[in-house]
Structure formats: C-alpha cells, structure tokens
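The values are calculated or read from the model by the stated rules, or taken from the named source; none is laboratory data. No experiment lies behind these values; they were computed from the predicted model shown. Here the Cβ positions follow ideal geometry from the backbone for every residue, glycine too, while neighbour counts run over all protein chains shown. All accessible areas refer to the heavy atoms of the entire protein, side chains included, with ligands and DNA or RNA removed. Shrake-Rupley method; radii C 1.70, N 1.55, O 1.52, S 1.80 Å.
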Amino acid sequence: MRGCLAARSMLEALKRELKMIAYPFPSNFVWGAATASYQIEGGVHADGRGESVWDRFAHTPGKVANGDTGDVAADHYHRYQEDVALMRELGLDAYRFSIAWPRILPQGDGPVNEAGLAFYDRLVDAVLDAGITPFVTLYHWDLPQALQDRQGGWYGRDIIEQFVNYADIVSRRLGDRVKHWTTFNEPRVSIHLGYVLGEHAPGLTDWAVGLQAAHHMLVAHGLAVPVLRANVRNAEVGIVYALNPIEAVGDDPDVLARQRVMDAQINRWFTEPVLLGQYPDEILAMPEAAGLRVAAGDMQVIQTDLDFIGVNYYSRTLIKPESVPAPQADYTAMGWEIYPQGLYNTLVRLHEAYRPRAIYITENGAAFDDVVSPDGMVHDPRRVAYLRDHFHMAWRAIQAGIPLRGYFVWSLLDNFEWARGYSKRFGLVHIDYGTGDRRLKDSARFYQSVIAANGLPE
Ligand code: FCB
C-alpha cells in the first residue's frame, strides 16, 4: 500500500511537470475555501445556542425561497469532522469560517455559553490537526435576535460595546491557535440588504436607519481591532468587502451620474471610512444622511491600521440607458454575469486607491444547477471553467505586483444561500439535503489538482 502511494505521488509529480504549469503561484500562496456559520451549521437549538436574526427571518413566511431555513443546513455542527477530512483531501492550506455570535452569547451580551465556545475549540483543533490554517470571521450576519429586539440591532449605539465584548471573548479563547481574524464579512451587503432593501434579516427598508447602523458597524470594527491585537499574539487582522465593479455603457451623463452614486454605495461606503478616514461625498450628500449621528472621534476610531483586506468578488454591474441592449454574456444560476476581468480590475483598483499591506480573495465562486449523474458524480464543467478563469486573473494580479496572498473559494459545501435558500448551490462539495451525504464535485477535483501543482495548466 505504502509503495503504491509513493509510486502514485511520483507519477503525479511527473504528470505535473509534463503538463508544464503555465501559471505558477508563489510558494507561500494560500489556497482555501470559505463558509459561514448560519449557512452550514444547522444545530440551531444545540448546546444552548440563542436565536439569531436569520432564524427569525427565515421562519417568517415569504422571506426565503421555498420556506427554507438554516435549522439543519449542511449539519456541519454535527459533521464537522467529516468536513475537515474533506478539506484535508482537497489539500487546502486554509479554511475561512465564521463564529455564530448566538452560540457564544445567546442573548447578545450577558452570560457566556461555554458549550458554544467549546464547539469552536473542537473545530479549530480539528482544522489545525489537518495541517490547515483557520481564518476566523467574527460577524457573518447572524446577529443575536435579542439585540434586534432590544435596540434595533445595529441601529442602537450599544451594539458597539456588545460587539467588542463578543470579539474579546472569542479572541481570548481561540487566540492562542487562531492568528487570522476578520471583524466583518461584507458589512455593506448586510446593511444594504438587511436595513435598506429588506431582502435579508432583519428585513428593514429605511436608508436613514441603514446609514446609522452602518456607522455603528464601522465604529465596532475600529474598536475591535485593537482588542484582537491585544488578545492574539502575532495577529493578522482584516475586514472583508464585497466589491462589485459598477461599469457604465456609453457616456450618457445620467448614466455616469448613476454610476458614481452606485459605486459610492456599493464599493466605497465602507472602504473609505476604514482606509481613508472619511465617508464618500456621495454618501453624505444623500438626504437620508442628514440626521446621521457621528460622535467626536468616531472617524479616527474607524480608520485603524489593518494587516489585510479581504475581497469577495463574484461579478460586475452594468449601468446603461434602457435603449442600449446588454452585451452578450454568460450568467450563473444566480443571474450574475460571469466576468473574470472584473476580479483583476477590482484588485488593481483596491491596490492603487488604498495600498493595503496585503489582500486575500476571501470569496469567489459560482452557483450552477448541479445534479448527481447516473455515474454517481457531479459534473460541473462550468464551475471548473469559472474557477480557472478567475484563478488566472489572480495570477495576473500577482504578476502586476499586487500583494495578493491567498484565495478562498466560496464555498466548501453547498449551503443555505440566504434569501435563495437551498435552491442555489455554490459548493465544491455537493450536499444531499435528505441524507446529509457529501460528494466531491468535479470542480473539487480540479481545485485539488491546482492546489497540488500550486498553479494552473495551460
Ligand atoms: C456573499 C456572502 C456569502 C455567500 C456568497 C454567495 O455575498 O458573503 O455568504 O452567500 O455571497
């Protein structure tokens, strides 16, 4: 058996050489996959977990496709060992996951739930035992419902202290083993969809409330960073943004004006306060911003030095006059245009505008209508092509001198895709939601070969 394995790995090495890796990555490049607590864990009543805004929202009729909820999801809470074994099989260098605040503090503040901390202890140990580096996100949208009820969630200023307390508790517990921390996942998306458009929990539709909630999120970020650094020796601390190039077709002045405002709302609302210490003019000019309460010193707190910026990239948005037809393009099952060049453009823009010390692509991937074939496999050639084309853009960015350190595919597992429920599958690993069975898709095998070769073939 031993000899057989050795022969196989020699053969693989030879094959790699013969194929000639056309696009090699730096030797310390980090290949990973990402998930988020509410999307995969299930176990919503296990071991004293409190209710989150997503439990409440998903259980409200009409909010999530097919009435889906995260009650069971991929049941990762009970099957995490199996999932870590899959990560090891893929050869991942790193695993990005989030902590469910309501497992740690079921009421948002107050008594700490030891069993919740113990779960993440076990997970971190399993990940490290597999030789994989954990990247922890503190907030990936599952706010304790108790804080929503008490003060309107992020709308009340008390949330700042509550978040910092939560960050302190988690980092004290895991900081001896977890060195990579991000405060917030896509703060803009969580406020925009949750407080302004009403499509995500808590389902509010008020710009003025959203702007205030966003401000508190930013201050909470700024105050949590030094706490993480104090609790974690050699910490690497960052924040994760969803960046989406807003591109105009033609030069119609109305279109260009819309492009500017939309770019401010989508891409600069949360980056400029953190990286430049100020809100974009387009945000402050909104009539709903007239009542925004910013306390003395807030902007200095928000502009804290970070070790890295995480970029989640999926697609671009095109703005055009109605009369102009949309350009020919391919779309994923989410209806998002497949546009790899946008990843390169996004990385260049981030680097040129703000010069962050390091950048990780913390999410990139695609949903397609995957099915298990009669041969028992999941053949997902479009996801393979999507990943290959986006990896290639990452390679180009590195050649251009951008300090891109790693790449996390979204997602390790099929999971609860927020308002779209289980209808959209983003996983490298297919989940049978009836049995919980895991099955590597072709894209997982492809990713495994990219990681093993640390590069892309022609
Ligand atoms: C991002 C989210 C992630 C996932 C992907 C598809 O906006 O961070 O949880 O839903 O989109």
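Couple of notes before you dig in:
- Only one of the numbered conditions (1) in a helix (DSSP H, G or I); (2) closer than 21 Å to residue 177 by Cα is violated by residue 78, and that is (2).
- Checked against (1) assigned to a helix (DSSP H, G or I); (2) open to solvent by less than 50 Å² (accessible area, probe 1.4 Å), residue 109 passes all but condition (1).
- Screening 347, 343 for residues that are touching a helix residue (DSSP H, G or I) at 6+ places or on another chain (Cβ under 7 Å), away from the ligand (no atom under 16 Å from the Cβ), within 29 Å of residue 142 (Cα to Cα) and open to solvent by less than 30 Å² (accessible area, probe 1.4 Å) leaves exactly one candidate, 347.
- Residue tally, condition touching a helix residue (DSSP H, G or I) at 6+ places or on another chain (Cβ under 8 Å), open to solvent by less than 40 Å² (accessible area, probe 1.4 Å) and near the ligand (Cβ under 9 Å from one of its atoms), over the stretch 394-425: 5
- Scanning the stretch 224-244 for residues that are open to solvent by 30 Å² or more (accessible area, probe 1.4 Å), assigned to a loop (DSSP other than H, G, I, E, B) and either of a type in the set (Val, Ile, Thr) or closer than 11 Å to residue 307 by Cα (or both) yields a count of 1.
- Of all the listed residues (367, 358), the sole one being in contact with a Lys or Arg (Cβ under 6 Å, 6 or more places away or on another chain), within 15 Å of the ligand (Cβ to nearest atom), open to solvent by less than 40 Å² (accessible area, probe 1.4 Å) and of a type in the set (A, V, I, L, M) is 367.
- Positions within the stretch 199-213 being more than 16 Å from the ligand (Cβ to nearest atom) and open to solvent by less than 20 Å² (accessible area, probe 1.4 Å), in sequence order: 210, 211, 212, 213
- Residue that is in contact with a Ser or Thr (Cβ under 6 Å, 6 or more places away or on another chain) and within 24 Å of residue 43 (Cα to Cα), where the choices are 183, 137: 137
- Selection of the stretch 139-156 for residues being out of contact with any His (no Cβ under 8 Å at 6 or more places or on another chain), away from the ligand (no atom under 16 Å from the Cβ) and hydrophobic (A, V, I, L, M, F, W, C) yields 146, 147.
- Extreme residue, farthest from the chain's Cα centre (by Cα), among residues of the stretch 29-41 that are away from the ligand (no atom under 14 Å from the Cβ) and either surrounded by fewer than 22 Cβ atoms within 10 Å (Cβ to Cβ) or under 16 Å from residue 424 (Cβ atoms) (or both): 29
- Some residue of the stretch 61-73 being surrounded by 24 or more Cβ atoms within 10 Å (Cβ to Cβ), of a type in the set (Val, Ile, Thr), in contact with a helix residue (DSSP H, G or I) (Cβ under 8 Å, 6 or more places away or on another chain) and not in a loop (DSSP other than H, G, I, E, B): no
- Scan of the stretch 315-335 for residues that are within 15 Å of the ligand (Cβ to nearest atom), of a type outside the set (Gly, Ala, Ser) and open to solvent by 30 Å² or more (accessible area, probe 1.4 Å), ordered by number: 316, 317, 331
- Criterion applied to 456, 428, 387, 440 was being farther than 20 Å from residue 338 by Cα, modelled with pLDDT of 95 or more and either within 21 Å of the chain's Cα centre (by Cα) or surrounded by 16 or more Cβ atoms within 10 Å (Cβ to Cβ) (or both), and the one residue passing it is 440.
- Scanning the stretch 315-329 for residues that are outside any strand (DSSP E or B), touching a residue at least 12 places away in the same chain (Cβ under 8 Å) and out of contact with any helix residue (DSSP H, G or I) (no Cβ under 8 Å at 6 or more places or on another chain) gives 324, 327.
- Test for residue 275: is it open to solvent by 30 Å² or more (accessible area, probe 1.4 Å), more than 30 Å from residue 112 (Cβ to Cβ) and within 16 Å of the ligand (Cβ to nearest atom): no
- For residue 9: the one exception among (1) open to solvent by 100 Å² or more (accessible area, probe 1.4 Å); (2) modelled with pLDDT under 95: (1)
- Enumeration of residues in the stretch 280-314 that are open to solvent by less than 50 Å² (accessible area, probe 1.4 Å) and part of a loop (DSSP other than H, G, I, E, B): 280, 286, 292, 295, 297, 304, 306, 307, 313, 314
- Which numbered condition residue 189 misses (of (1) out of contact with any helix residue (DSSP H, G or I) (no Cβ under 6 Å at 6 or more places or on another chain); (2) β-branched (Val, Ile, Thr); (3) buried (at least 24 other Cβ atoms within 10 Å of the Cβ); (4) assigned to a helix (DSSP H, G or I)): (3)
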